[in-house]
Amino acid sequence: MVMKHYPPQFKVDAVALYRSRPGATIKSVAEDLGVNTETLRNWIRTADGRRPASHSAGSLPPAPDGDTVQAELAAARKRIRELEEQRDILRKAARYFAGETRW
């Protein structure tokens, strides 16, 4: 298996995304991001100050201050809304074109 290396900011963003979705599981967020479930779990443990199960996942940078976190969270939520809107438009288009096809 090939070991992937993720940028530190991606790790921070992944942990923030998991924490911003109250009902989400680690598995669902990991699938959405395309990362291994245990990798995301290790990033969360590291962000919480606990030692990850293995040392291969790498370390996270120091946590930013509260204002920076809030600004990044607001930007991430805005981006999520944009992406959800784009997804919904594509779903509607797919349904429209699927209904138009007569084989």
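The values are calculated or read from the model by the stated rules, or taken from the named source; none is laboratory data. These figures come from a predicted structure and were not determined experimentally. Cβ placement follows ideal geometry from the backbone for every residue including glycine, while neighbour counts extend to all protein chains displayed.
Below is a table of values for the structure above.
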item	result
Among (1) over 15 Å from the mean Cα position of the chain (by Cα); (2) modelled with pLDDT of 90 or more - the single one A53 does not satisfy	(2)
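To keep it simple, each residue is scored yes or no on (1) surrounded by fewer than 17 Cβ atoms within 10 Å (Cβ to Cβ); (2) within 12 Å of the chain's Cα centre (by Cα); (3) at pLDDT 90 or above.
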position: M3; (1), (2), (3): yes, no, no
position: Q9; (1), (2), (3): yes, yes, yes
position: V12; (1), (2), (3): no, yes, yes
position: A16; (1), (2), (3): yes, yes, yes
position: I26; (1), (2), (3): yes, yes, yes
position: A30; (1), (2), (3): no, yes, yes
position: T37; (1), (2), (3): yes, yes, yes
position: I44; (1), (2), (3): no, yes, yes
position: G49; (1), (2), (3): yes, no, no
